[in-house]
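Novice: Encoded as structure tokens, here's the structure I'll be asking about.
Read the figures in this text as sums done on the coordinates, not as results from a lab. The model shown is predicted, which means the values in this text are computed figures rather than measured ones. Here the Cβ is made from the backbone with ideal geometry for all residues, glycine too, and neighbour counts use every protein chain on show.
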Amino acid sequence: MIFEIIGMIIIAYLLGSIPTGLWIGKYIYHKDIRKLGSGNIGTTNTFRTLGFKAGVVVLIFDVLKGTLAASQPYFLGISGTVNPLLIGLFASLGHTVSIFDDFHGGKAVATSAGILLAYNPFLFLIACLIFIGIMCLTSMVSAASITAITAIFLIALYIRDWILAIVAGILTAIVLYRHISNIRRILAGKESMVNFGLGYYLRQKKQNK
């Protein structure tokens, strides 16, 4: 069993480490997104710098990285012994500290969502609805990401799913840390916005006065 666990952890980390946005930018668009936009290799900066199609592809692959990593105990028939969340956690760590990107990486949001999808599709749906709702209100992907992951942590505490609470708590801390600069810009009223939603409308209205 110990060798299976070690193997799953290694695979989860390597899956999470795949820098989807970086590789798509480099090999398909011949651009290094680390030098464009926010410099982040995740979904949001891919949308911003490479366009909609590239962004969708990166989003899907980054979610799948977490889902596949967390699904390993199910594939091996040992999910009753090894909690999928504990294995999936290493995919998110790989995404933020990628062996393929000099131990740099993204902000772990999409990959963490993928882990939740494998573990509890209903909570994944709730997280998506919260994300979409907050993004429509604030027009900020960062605010939506922070709120969604924090909400799952609080829900886990409420339903007394302690493993989920621990993993979601760790991921919430990682997401908050990776979004420190975004939080500062939010507080200063300077955070980047998508071009829809209430926040964008209010900012445009204010600028046009």
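Novice: For K206 and L137 in the same chain, what is the full-extension length gain: residue separation times 0.36 nm, less their Cα-Cα distance, in nm?
Specialist: 23.2 nm
Novice: Rounded, prolate or oblate: which one fits segment 62-172, using the alpha carbon gyration tensor with axes a ≥ b ≥ c (rounded when a/c is under 1.5, else prolate when a/b beats b/c, else oblate)?
Specialist: Taking the square roots of the gyration eigenvalues as a ≥ b ≥ c, segment 62-172 is oblate.
Novice: Using 0.36 nm times the number of residues separating K35 and F196, minus their current alpha carbon distance, what extension gain do you get?
Specialist: Contour length minus the Cα-Cα distance gives 55.4 nm.
Novice: Counting other Cβ atoms within 10 Å, which trypsin sites (Lys or Arg not before Pro) in segment 135-197 have at most 16 and lie in a DSSP loop?
Specialist: Passing both the DSSP loop test and the Cβ count: R160, K190.
Novice: Give K65/K205; K26/K190; K35/K65; K31/K205 a once-over and call out the pairs whose C-alpha atoms are over 32 Å from each other.
Specialist: Cα-Cα > 32 Å for K65/K205; K31/K205; rest within.
Novice: Along the charge dipole of the chain, pointing to its positive end and built from +1/-1 on Cβ of Lys, Arg, Asp and Glu, which listed residue (M8, L64, V109) has its Cα farthest out?
Specialist: Toward the positive end, the furthest listed residue is V109.
Novice: To continue, here is another question. From the Cα trace of the chain, what convex hull volume per residue do you get, rounded to a whole Å³?
Specialist: It is 121 Å³ per residue.
Novice: Still on this structure, please answer the following. Can you list the chymotrypsin sites (Phe, Trp or Tyr not before Pro) in segment 92-153 that are in a DSSP coil and have 11 or fewer other beta carbons within 10 angstrom?
Specialist: On the way: sites: F100, F103, Y119, F122, F124, F131, F153; in loops: F103.
Hits after loop and neighbour filter: F103.
Novice: For segment 122-209, just the Cα set please: Rg and Dmax, both in angstrom.
Specialist: Rg then Dmax for segment 122-209, in Å: 14.6, 50.
Novice: Sticking with this structure for a sec: Please express the Cα-Cα pair-distance distribution P(r) of segment 1-116 as a list of whole percents, one per 5 Å bin, running from 0 to the bin with the greatest distance.
Specialist: That works out to 2, 15, 24, 21, 16, 10, 6, 4, 2, in percent per bin.
Novice: What 222 nm value per residue comes from the helices of the chain, counting each DSSP H run with n ≥ 4 as -39,500 (n - 2.57) and dividing by all residues, nearest 500 deg cm²/dmol?
Specialist: It comes out at -23500 deg cm²/dmol, rounded to the nearest 500.
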